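Chemist: The structure that follows is given in the form of structure tokens.
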There are 2 protein chains.
Amino acid sequence: MVNGAHALISTLVGAGVETCFTNPGTSEIHFVAALDAVPEMRAVLTLFEGVATGAADGYARMKDAPAATLLHLGPGLGNGLANLHNARRARVPVINIVGDHATYHTPYDTPLQSDIETVARNVSTWVRTSRKTEELARDAVEAIAAAIGPPGQVATLIVPADVSWQDGAEPAAPLAPAASSAVSGDIIDAVAKAIRGSHRTGILLGDKALRERGLIAAARIAAATGTRLFAERNVARLERGAGLPAVERLAYWPELVSKQLNGLEILILAGAKTPYASFAYPGKNSSLVPAGCEVHELSQPTSDVLRSLEELVQALDAGDAKPALQTAFVPPRPEGPLTAEKVCQAVGATLPEGAILSDEAITSALALPASTAGAPRHDWLTLTGGAIGQGLPVAVGAAVVCPDRPVIALEADGSALYTIQSLWTMAREQLEVTVVIFNNRAYAILNTEFARIGVQEAGPRAKAQLKLGNPDIDFVELGNGLGISSCRVDTGEQLTGALDQAITDPGPHLIEAVIPAV
Amino acid sequence: MVNGAHALISTLVGAGVETCFTNPGTSEIHFVAALDAVPEMRAVLTLFEGVATGAADGYARMKDAPAATLLHLGPGLGNGLANLHNARRARVPVINIVGDHATYHTPYDTPLQSDIETVARNVSTWVRTSRKTEELARDAVEAIAAAIGPPGQVATLIVPADVSWQDGAEPAAPLAPAASSAVSGDIIDAVAKAIRGSHRTGILLGDKALRERGLIAAARIAAATGTRLFAERNVARLERGAGLPAVERLAYWPELVSKQLNGLEILILAGAKTPYASFAYPGKNSSLVPAGCEVHELSQPTSDVLRSLEELVQALDAGDAKPALQTAFVPPRPEGPLTAEKVCQAVGATLPEGAILSDEAITSALALPASTAGAPRHDWLTLTGGAIGQGLPVAVGAAVVCPDRPVIALEADGSALYTIQSLWTMAREQLEVTVVIFNNRAYAILNTEFARIGVQEAGPRAKAQLKLGNPDIDFVELGNGLGISSCRVDTGEQLTGALDQAITDPGPHLIEAVIPAV
């Protein structure tokens, strides 16, 4: 028999949850104290909860298994909420351990008291406050099972301080994993029939369908039937590069998506959702599906999309079709004064084998897909829920779980500043992350929005809301201040040199790429 | 007739809400576009929503009237939640304007969609999603009235993008302010009787009772009856210094509060809540009221505590009693290597007339009350809800509304890092803030908690969770990187020199005070 906190950590470790991204306070102090009793648990300290939750997201994207977070009551969970929103959209498993006041203390409404369950519900399918030390380990295995799914989701276990500190707990063994729901032969047949019946078909791939096995299956179908392949806009993880089937990711701007999908009569969703514009605009359609195009859902979130795709391959007699694979192609090293496009080119020119790209440089990275399409094989992790401040924490989590792979985080200046504290955790854990900041001194995406909503000439006070200058932000000083080796570059030659060195030298690096101000 | 966003801003300005702390995105772009049409509205851009919400808190503490925030859907509100929690505990008025997807767009569950109302409820008494452009201005005046109270509270108005962008709105006039509930003569009489019946009485002052008028009334009662005066631990704003009645603020650690309140038979709550320990500890009482002590509540949150205190003065025939006033006393300028105590001494030695102290240096600032008690008159703003990361944003808001008063933010290293983005807004707005960072390279408060929960010898993995070294954080680089003039000091002489200069020179400054590591 041990105390609740000790049993909780042992239970997590027993279920394979061996990493916890932490930002503890007094109500979690017993969890912290128990860390030395269970050395298999790696506790990664963060300076801000949004780093912890985003790191758990990145970790799960690369491991296909959950990490835990350790958060301090309602406000700690609140600070982590934006990146839990993104994790929810990424359909990854995350287990939040949120400390609370002792059960008998809550009626006193002391300063940190709040309704934690209500906050948690915004992002968590599974929420429970553990009420007894003897039940804590059992609650934990249920939280883990809920997080794993399928589909992966955010589970929040709220642990009152006395439930942690009292003795009388025993670790619990993990629950058996839930099975995926069965693939429906009727749906496979209907989809196969739809693909056979048209020459203008497309498959929109999402979730696990964007891994090698799904891509190969989809590419066989494409080779056999002429169907076109697309990837969702908001992808948690896309395997790509030379030697893998290439898919075209949907663009951000609705007008561009209309061009991508133009003429389709049949759209098959494989692990993806029906595409809509991220935002509505006056007088424009929200739907991105071409008029008259039929949409078929190949698989449900609870079912195994890879099996569905492979059964579809069989139903279409495409098993022997040869998937088209991306040929190796590396762009030339850029020269002269930097532009956003040249930064993307430099990334493509230097990308090492097995890299993980965490991409949150939204408007600046428009050229990234083309410049990295033929690069050595890599994973591409993108913003899934639209809540900016995800890229750096996701890079932290990916680097923690994949210590032998180089992680490159492509960040917008505006986005980076929401969770800039990530840099310190990269330094503390000596993670192999290279951060590239596209510094255009603006919330550039909002400039474009002005034009789109029909504000022809924004006034000076409106424009000032989109500019990050005055004062300019010096990311080299921010990086150095948080303990990470940092430099600034403004030419292609400097950038490729800095990338080569950052990827070779051990530990994390930051490169501020100064590009024309927007 | 104007569009919704324009009418909303005009309505806010018409009700005296002339400042908005912003972090906008696409769903708020029409609000941003309308800023040039209503130049009376000052929009203060922040890089992170926790800065915006904490600044609105600080603003309201100093103005006794609300500012607005402009936040981007559920994740933006989530990022602002911790400081809204603090604002709720401060009982200050805040109006959140949270953009949402267009009403017809929400069924599509696009990436940023989430249940905003649920998140808002954790901190807001009043929550509404405005459904029609024609009703937006009316919804806004109701939000403003709810925020103003009494008591002051957080009101959240959710504005779908199409409600903002459509034409057909007209600004609305503010609602008449709600009256405070009547003071009960029976309660006044009962309290007066209780005070007369014992020689061991105390008044615990909170909320508006901590302003000059309340302090004078309480001090008359003290002079006439021998009752002792205390201030709540978590004070939104305490007026203090030479020439004002001095009150003793309750300590953080329960053992110390027990000593402060020891022997009391009667405790009168004037704008304060019954004191409990912030956290429960194994085997210890949560209540801080001495055993056998009777507690009387002088006023309700909806009633006017100042009037209650003044009627109590009359009931006790204390109207002619002479309140004891704090005499002027300035500590000597500290010399030699810095300690946390010497930093407090330096602040006391240099504090200018009319300063505003935003204090979030929890363990480091233990000596602050004594070292500043006799300083020139000033306001003291403290952490109200226990959610750290409040001090810098509160300083931003206080400086925006009080441009002629020097603001001094005393920050712990750990707390500063939650909302470090505040520094950029200080620089951008050229606010008269001097930030003093107590850098002890630890979450020092948690070291104390280890001892308190009976962990005699914390293991190395537990201890590592409380240390902010490895790498050390360089606040001078962080400050300079965010555009604020920064320096590091490690002696008393350097610190007082830097304080003198920072207070004299225009614009914001940061001083990193290196104190012994914990």
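Each value in this text was obtained by applying a stated rule to the coordinates, not by laboratory testing. In this text, all values refer to a predicted model and were calculated from it rather than measured experimentally. Positions of Cβ are generated from backbone atoms using ideal geometry, with glycine treated the same way; all protein chains shown enter the neighbour counts.
Chemist: Which residue of chain A is nearest the rotation axis onto chain B, counting by its Cβ, and what is the distance in whole Å?
Modeler: A:E477, 2
Chemist: Give the relative contact order (percent, whole number) for chain B; include only Cα pairs under 8 Å separated by 6+ residues.
Modeler: 14 percent
Chemist: Between A:R121 and B:F329, with labels modelled 7 Å along Cα→Cβ, what's the label distance in nm to one decimal, could you check?
Modeler: Reported label-point gap for A:R121 and B:F329 is 5.3 nm.
Chemist: Can I ask one more? Whose amide H sits under 5 Å from the amide H of A:A324, counting only residues 5 or more places off or on another chain, with H placed in the peptide plane?
Modeler: HN-HN under 5 Å from A:A324: A:A223.
Chemist: Out of all DSSP beta bridges in the protein assembly as shown, what portion is antiparallel? Express it as a percent rounded to 5.
Modeler: Just about 10 percent of them are antiparallel.
Chemist: To continue, here is another question. Considering the options B:S258, B:L298, B:A324, tell which one lies farthest towards the positive end of the dipole of the stretch B:249-389, charges being +1 on Lys and Arg and -1 on Asp and Glu at the Cβ, about the Cα centre.
Modeler: B:S258
Chemist: How many nm is it between the label spots at B:E493 and A:A173, if each spot is 7 Å from the Cα in line with the beta carbon?
Modeler: 7.1 nm
Chemist: Long-range amide H contacts for B:E297: which residues qualify at under 5 Å (H placed 1.01 Å from N, peptide plane, sequence gap of 5 or more or a different chain)?
Modeler: The answer is B:L269.
Chemist: A follow-up question, please. For B:T118, place a label point 7 Å out from Cα along the Cα→Cβ vector, do the same in each other copy, and report the separations in nm, one decimal, smallest first.
Modeler: 1.3
Chemist: How far, in nm to one decimal, is B:A328 from itself in the other copies if the label point is set 7 angstrom along Cα toward Cβ? Shortest first, please.
Modeler: The answer, with the shortest distance listed first, is 8.1 nm.
Chemist: State, to one decimal in nm, how far the label point of A:S198 lies from the label point of B:D404, with both points 7 Å from Cα in the Cβ direction.
Modeler: Label at A:S198, label at B:D404, 7.1 nm between them.
Chemist: Any idea what % of Cα-Cα pairs in the protein assembly as shown are farther than 60 Å?
Modeler: Value for the protein assembly as shown (Cα pairs over 60 Å): 9 percent.
Chemist: Kirkwood Rh, chain B, all Cα pairs: how many Å?
Modeler: 24.0 Å
Chemist: Can you give the % of DSSP beta bridges in chain A that are antiparallel, to the nearest 5?
Modeler: 10 percent
Chemist: Calculate how large, on average over all directions, the projected area of the Cα convex hull of the stretch A:175-288 is; give the answer in nm² to one decimal.
Modeler: Computing the convex hull of the Cα atoms and averaging its projections yields 9.3 nm².
Chemist: To the nearest 0.05, how large is the calculated FRET efficiency for A:R42 and A:E457 if R₀ is 56 Å and r is the Cβ-Cβ distance?
Modeler: Computed FRET efficiency for A:R42 and A:E457: 0.55.
Chemist: Also, I was wondering about something else. How are the Cα pair distances of the stretch A:349-496 distributed, in percent, across 5 Å bins from 0?
Modeler: Going out from 0 Å in 5 Å bins, the stretch A:349-496 shows 2, 9, 17, 21, 20, 15, 8, 5, 2, 1 percent.
Chemist: Taking the Cβ-Cβ separation of A:E239 and A:D189 as r and a Förster radius of 30 Å, what is the calculated FRET efficiency to the nearest 0.05?
Modeler: Efficiency for this residue pair is about 0.55.
Chemist: Another question, then. Using a Förster distance of 56 Å, how high is the FRET efficiency between B:R131 and A:E134, based on the Cβ-Cβ distance and rounded to 0.05?
Modeler: 0.70
Chemist: Okay, moving on. Over the stretch B:443-518, what portion of Cα pair distances is larger than 20 Å, expressed as a whole percent?
Modeler: That fraction is 49 percent.
Chemist: Now, a different point. In nm to one decimal, list the spacings between the A:L366 label point and its equivalents in the other copies, with label points set 7 Å along Cα to Cβ, shortest first.
Modeler: Spelled out, the distances from A:L366's label point are 5.8 nm.
Chemist: Between the DSSP loop rule and a limit of at most 12 other Cβ atoms within 10 Å, which GluC sites (Glu not before Pro) in the stretch B:411-518 are left?
Modeler: The qualifying sites are B:E457.
Chemist: Also: Tell me, what are the semi-axes, in whole angstrom and largest first, of the equivalent ellipsoid of the stretch A:304-349 as set by the roots of 5 times the Cα gyration tensor eigenvalues?
Modeler: 41, 13, 6
Chemist: A further question follows. Residues in the stretch B:245-267 near a label at B:T448, defined as backbone nitrogen under 12 Å from the 7 Å Cα→Cβ point?
Modeler: B:251-257
Chemist: Beyond 22 Å, what share of the Cα-Cα pairs of the stretch B:1-96 is found? Please give it as a whole percent.
Modeler: Of all Cα-Cα distances in the stretch B:1-96, 23 percent exceed 22 Å.
Chemist: Give me the percent relative contact order of the stretch B:212-305, please, defined on Cα pairs under 8 angstrom at least 6 residues apart.
Modeler: The value is 24 percent.
Chemist: First select every other residue whose beta carbon is under 15 angstrom from the beta carbon of A:G74; then total the charges, Lys and Arg +1, Asp and Glu -1.
Modeler: -2
Chemist: Hey, can you grab everything whose amide H is under 5 Å from the amide H of B:R233? Only 5+ residues off in sequence or another chain; H modelled, so Pro and N-termini drop out.
Modeler: Answer set, sorted by chain and number: B:L250.
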